1. Rg to Rh ratio, the chain, alpha-carbon atoms and Kirkwood radius?
2. Provide, as a two-decimal number, the C-alpha radius of gyration of the range 133-286 over 2.2 N^0.38 Å, N being how many residues it has.
3. For a Förster distance of 56 Å, can you work out the FRET efficiency between the beta-carbons of Asp112 and Met445, rounded to the nearest 0.05?
4. Using a probe radius of 1.4 Å on heavy atoms only, what accessible surface per residue do you get for the range 241-304? Whole Å² is fine.
5. Can you tell me the order of 238-247, 167-176 when each peptide is scored by its average per-residue count of other Cβ atoms within 10 angstrom, highest first?
6. Please report, in debye to the nearest 20, how large the charge dipole of the range 169-285 is about its Cα centre when each Lys and Arg carries +1 at its beta carbon and each Asp and Glu carries -1 there.
7. Roughly to the nearest percent, how much of the accessible area of the chain is carbon and sulfur, given a 1.4 Å probe?
8. Lys8: which aspartates and glutamates have alpha carbons under 16 Å from its alpha carbon, excluding same-chain residues fewer than 8 sequence positions away?
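The values are calculated or read from the model by the stated rules, or taken from the named source; none is laboratory data. If you're wondering where the values come from, they're calculated on a predicted model, not measured in any experiment. So basically every Cβ, Gly included, is an ideal-geometry build from the backbone, and we count neighbours across all protein chains shown. SASA here: full protein model, heavy atoms, side chains in, ligands and nucleic acids out. Shrake-Rupley method; radii C 1.70, N 1.55, O 1.52, S 1.80 Å.
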Amino acid sequence: MENKSKGKAVERIYALLDERSFVEIGQAVTARSTDFQLDKVETPSDGVVTGYGLINGCPVYVYSQDAQVLGGSIGEMHARKIANLYDLAIKTGVPVIGMIDCAGIRLQESTDALHAFGMIYKKQAEASGVILQISAIFGNCGGGLSVFSTLTDFTLMEENGQLFVNAPNAIEGNRKEVLNSASAVFQSKEAGTVDFVGNETEVFEEIRKLTQIFPSNYKDQSKVIDCVDDLNRLCENISAGNGKEILIQIADQNEFVKLKKDYGNDMAIGFIRLNGETIGCIANKEERISAQGAKKAASFVKLCDAFGIGILTVTDTVGFVAEIEQEKELSQAIGTMTGAFVQATVPKVNVISKKAFGSAYVSMNSKSIGADFVYAWSDAKIGMMEADMAVKIMNPGANADVLKEKAKEYEELQSDVYTAARRGYVDTVIDPAETRKYVIGAFEMLYTKREMQIPKNILYFKEGGNLCRQQ
């Protein structure tokens with residue numbers, strides 16, 4: 001369709017959407033404020049192009065900030081346009097994609113601009129868990145604007161973009177040249193706020209992938225597609241891989257959409273399809289779980305649960321990272337992750353691939369915290385801790401030969417996978433090569449799962465000396 005807006009902002013929209021599908025909304029809107037002679041400044045579209053279009057045939061609402069108009073700064077009318085887009089998206093269950101390139105709040109509009117910020121915060125929070133929200137940062141995203149990106153489901157960043165609350169030079173003891181805390185590298189690797197970093201073309205491609213595999217809204221079932229892969233396909237070399245590699249092998253067409261790859265590297269998260277259905281996946285890549293890995297997993301579980309996406313975990317862990325810096329936040333992070341698994345009501349399947357020891361195993365979607373199905377490879381080890389460590393504690397002062405013999409006995413009695421299976425902690429012991437068909441079968445059986453949490457809208461009152469409750 002014919003659209004009047006020109007420049008980089010609308011060019012980005014054209015590059016993302018299906019050809020000739022974009023329809024602009026609010027092109028005639030300009031700044032309303034006249035303070036500081038704003039009435040004498042040209043403000044086409046008030047610095048943001050808004051509208052709707054298609055991505056691979058799927059409808060989306062989109063806004064793209066224009067840095068050529070007052071630096072793309074957010075004022076009253078600018079914010080109203082974005083808020084209007086959210087109103088339409090929530091009513092229709094359609095995703096919102098924001099392309100951010102902005103100098104921040106418009107100083108000339110003072111409290112009007114502050115109120116405008118709050119309007120968008122409110123709309124994004126209301127849309128959370130209701131419709132898909134994606135932020136793509138192509139220029140500056142600083143100060144209060146940085147909250148925009150963290151209120152959305154996914155944050156993508158062009159490699160030269162800047163994301164910050166305080167600019168690097170405004171932080172005491174720092175300079176941009178020493179540590180550019182606004183850079184894509186810092187925000188993806190150290191802060192963990194960014195899901196994907198790439199050039200502009202790669203960012204657009206990642207948005208397309210997400211809109212194809214992730215539901216448009218919490219009731220959307222349209223992302224389930226026909227599977228052309230063999231449902232009973234064997235994964236012959238799967239036992240040699242780590243968590244991420246296992247997920248790739250079992251996925252339809254071996255496709256894995258990975259998120260936050262630079263943050264919490266002990267844990268891999270992302271999406272695969274199993275028999276055409278979108279599944280959220282979490283897998284240990286290393287044997288010890290870090291605070292960053294646990295935080296990453298926790299937020300991902302909550303996201304999947306909000307949108308009704310089943311969760312698959314691949315467990316291979318012997319414990320938690322033992323470092324002073326980790327100890328500051330590890331307990332809280334593990335607690336948050338454990339709680340997220342417990343509270344999630346979507347289908348939950350766990351595959352114990354190699355080792356599952358101690359409370360780290362319990363927190364990784366074990367049967368005891370609510371997994372619906374737990375499978376374990378035939379050579380997996382499950383227990384309190386590794387045998388050689390356990391016997392040293394149980395037999396202080398014993399020589400090497402005794403410890404070796406005791407370790408063998410401990411492993412047979414306490415760490416053998418069949419010991420856990422006999423107690424019901426593992427549903428089925430499987431051949432690693434058959435992992436794909438077992439997890440597909442599990443999610444097929446759980447497709448109609450309905451689970452309610454303890455209701456919180458209970459009122460208690462006294463009647464005749466008795467405590468009664470009312471729904």
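1. On the way: Rg = 25.6 Å, Rh = 24.5 Å.
That ratio is 1.04, to two decimals.
2. 1.20
3. With R0 = 56 Å, the Cβ-Cβ based efficiency is 0.50.
4. On a per-residue basis, the range 241-304 sits at 29 Å².
5. The peptides rank, most packed first, as 238-247, 167-176.
6. Values: 14 positive and 19 negative charges, 56 e Å.
Taking the Cα centre of the range 169-285 as origin, the dipole is about 260 debye.
7. Carbon with sulfur: 51 percent of the solvent-accessible area.
8. Cα-Cα hits under 16 Å: Glu24, Asp46, Asp66, Asp101, Glu158, Glu200.
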